[in-house]
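Here the structure is laid out as structure tokens; the discussion comes afterwards.
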Amino acid sequence: MKMKHALLCVSLFSIVIMLSPACTMNSQSVNLPVQPRTSTLKQKVIIAADSIQLQVQSFRKKNYKRPVYVSVYTQSEYSAIVGNQNSDIPQSQKDLYDRILRLEGLLRPSQDYYSSYDSTMASGTAGFYVPGTDSLYVILADTATGLAYEDSLTIFHEFVHALQDQYFNLLAIDTTINNAPSDQYWASDCVIEGEAVLLESYYGYKLSNGAWPTTATPIVGELNLEQIETDAYLDSLHQAGEPMLVNMPLNWEYYSVAPRFINAIAGMNWSIIDNTIFPAMPLRMLEVLHPSEYSASNEYWLDAGNLETAIVDSGVIEDEDELGELLSDAMFREWDFSAYSSIPYGMMADNIIAYRDMHVDSLRMVWNTYWTDSTAGASFFANYAALVNKKRGIQLPPPVDSGAIAVVNDTVNNIYIEQGGSYVFTIENYSKPSLNNLIANCRTVKPTLLSSLAKARAGTNHVYPRINKHKSPGRHLPPLPPRGGIGVLRHRV
């Protein structure tokens, strides 16, 4: 990922220190020169990091296999490095992805994904760990004269990632999930970040109270409060015009949803994290948002092979993905649906395709969804039609219900939405000659149960029926900073 290389190649602002056990850097380490340990602040970072690493090891009851290296940046130094991390992406490609996200309803017409993402990352990152390097980075405030409480939490958080990497190979996991559907990407990343945030919360309790908590009760209370505060913060960003697509998944992952999932499954029994969760990571955000679904063995994926073939016969697929419950939540929240979190609940699987005709620039989309039952399907059908009215600034005609299926067909704006029991699909910006063929092929899209793959695997669970050859970086790219420490965002300080 380009952002990784940009950071690793810059040495002007780096202070690299090697933590115990002492030895020379190996080939996987960050190749940055060691600077003199002269300033008081540098000494404080060295002493604190060394101590914090030992506390992670003791509390987690796992020893580090290799030394871990720490680099320190000020906020302005870091911002200068990552201020435009997407500069290597052609503007035409950025424009295309923004058009796709607007068509799908994940962005409003005035919003730009890349500028919003760069702004969030440059100003909101307090630290990060780079998988495969045994190296973490701490971002201090420009005015810092010592380690603040939040800086100590950041260091603890990133040392948890270092421990994960040495036992579970985060580089291999990241490589896989960056090529996986977005729903799986976020579900898997919530495991990695969820553990780090949860353990960080325990450390915060220790810093405030002088001892580790003996039960999870105070931590759960803190996470519940964080959920309330995070949602209020997201509302303020939304009112300022910032896209939910950029802010909601990150903030939910770092402040509430992900650590609550880890706590719900493992409690304070860390062996469950090692022996159950990491070996069998959730494949759906449905499982993370509703932990009882994690052991239900009812993960599905939608086989859209016939539909893909029908599209590429006369067109070009620009993006194919699975949004899942989390990004569907973000979509409905972007368009001010108060029930944004309940509308997508019950989505078992989905497949969304953005494409264009071979010689026409107009983007088109098809989104197939599968629901727990017809009631959930009917709710989504009605609410999504209302969302289309908002995102397109139109008024769709009322649905026609034949009993077996319900249909909205706007022949003026070329929008078709159909519900048949547990299945709902939408075809938008369609060309009229292709509509009947697309409808017929959408009706062939069926769910395949993943339970035989999902929970009975040896090794880390990242087997998936297919890596989507059409997938663009629309949903979670540009890549998140490697294990970015959004857990201590400056706006929360």
_Can you tell me which condition L387 does not meet? The list is (1) touching a strand residue (DSSP E or B) at 6+ places or on another chain (Cβ under 8 Å); (2) of a type in the set (A, V, I, L, M); (3) surrounded by 15 or more Cβ atoms within 10 Å (Cβ to Cβ), and all the others hold._
(1)
*Cβ-Cβ below 7 Å, separation at least six or inter-chain, first residue in the range 282-309 and under 18 Å from S188 (Cβ atoms), second part of a loop (DSSP other than H, G, I, E, B) and aliphatic (A, V, I, L, M): which pairs?*
L283/L450; E299/L283; E299/L450; Y300/L450; W301/L450
*Identify the residue in the range 90-111 that is at pLDDT 90 or above and of a type in the set (S, T, N, Q) and, among all such residues, is surrounded by the fewest Cβ atoms within 10 Å (Cβ to Cβ).*
S110
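Listed here are the residues, each with its yes/no results for (1) in the same structural domain as I415 (by TED's automatic domain parsing); (2) in a strand (DSSP E or B); (3) in contact with a His (Cβ under 7 Å, 6 or more places away or on another chain); (4) of a type in the set (K, R).
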position	(1), (2), (3), (4)
K44	no, no, no, yes
D50	no, no, no, no
Q53	no, no, no, no
Q57	no, no, no, no
N63	no, no, no, no
R66	no, no, no, yes
V72	no, yes, no, no
S76	no, no, no, no
A80	no, no, no, no
*Qualifying position, being of a type in the set (K, R) and without any contact (Cβ under 8 Å) to a residue 60 or more places away in the chain, among K446, K432*: K432
*Of all residues in the range 60-83, which are of a type in the set (G, A, S), surrounded by 18 or more Cβ atoms within 10 Å (Cβ to Cβ) and modelled with pLDDT of 80 or more?*
S71
_Need the failing condition index for N31 against (1) more than 22 Å from A148 (Cβ to Cβ); (2) at pLDDT 75 or above; (3) of a type in the set (S, T, N, Q), just the number._
(2)
*Provide a single number: the residues in the range 274-307 that are outside any strand (DSSP E or B) and either hydroxyl-bearing (S, T, Y) or buried (at least 21 other Cβ atoms within 10 Å of the Cβ) (or both).*
17
*asked:* Would you confirm whether or not the range 309-321 contains a residue that is buried (at least 18 other Cβ atoms within 10 Å of the Cβ), assigned to a loop (DSSP other than H, G, I, E, B) and over 21 Å from the mean Cα position of the chain (by Cα)?
replied: no
*Considering only residues that are under 11 Å from L307 (Cβ atoms) and of a type in the set (A, V, I, L, M, F, W, C), look in the range 441-456 and name the one that is modelled with the lowest pLDDT.*
V445
*Restricting attention to the range 47-54, does a residue exist that is surrounded by 18 or more Cβ atoms within 10 Å (Cβ to Cβ), within 22 Å of I273 (Cβ to Cβ) and not β-branched (V, I, T)?*
yes
*Pick from the range 147-183 the residues that are surrounded by 23 or more Cβ atoms within 10 Å (Cβ to Cβ) and of a type in the set (S, T, N, Q): which of them is nearest to Y254 (Cα to Cα)?*
T154
*Scan of the range 322-339 for residues that are surrounded by fewer than 20 Cβ atoms within 10 Å (Cβ to Cβ) and either closer than 19 Å to S182 by Cα or of a type in the set (D, E, K, R) (or both), ordered by number*: D336
*Is there a residue being closer than 14 Å to Y340 by Cα, out of contact with any strand residue (DSSP E or B) (no Cβ under 8 Å at 6 or more places or on another chain) and in a helix (DSSP H, G or I) anywhere in the range 391-398?*
no
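Suppose we filter the range 333-375 for residues that are in a loop (DSSP other than H, G, I, E, B) and either under 18 Å from G315 (Cα atoms) or free of Cβ contacts under 8 Å to residues at least 12 places away in the same chain (or both); how many remain?
Count: 8.
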*Which of the residues belonging to the range 152-168 are hydroxyl-bearing (S, T, Y) and at pLDDT 95 or above?*
Y167
*Could you say whether any residue in the range 205-218 is modelled with pLDDT of 95 or more and crowded, with 20+ Cβ neighbours inside 10 Å?*
no
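The values are calculated or read from the model by the stated rules, or taken from the named source; none is laboratory data. Values in this document were obtained by computation on a predicted structure and should not be read as measured data. Ideal geometry is used to build each Cβ from the backbone, glycine not excepted, and the neighbour counts take in all protein chains shown.
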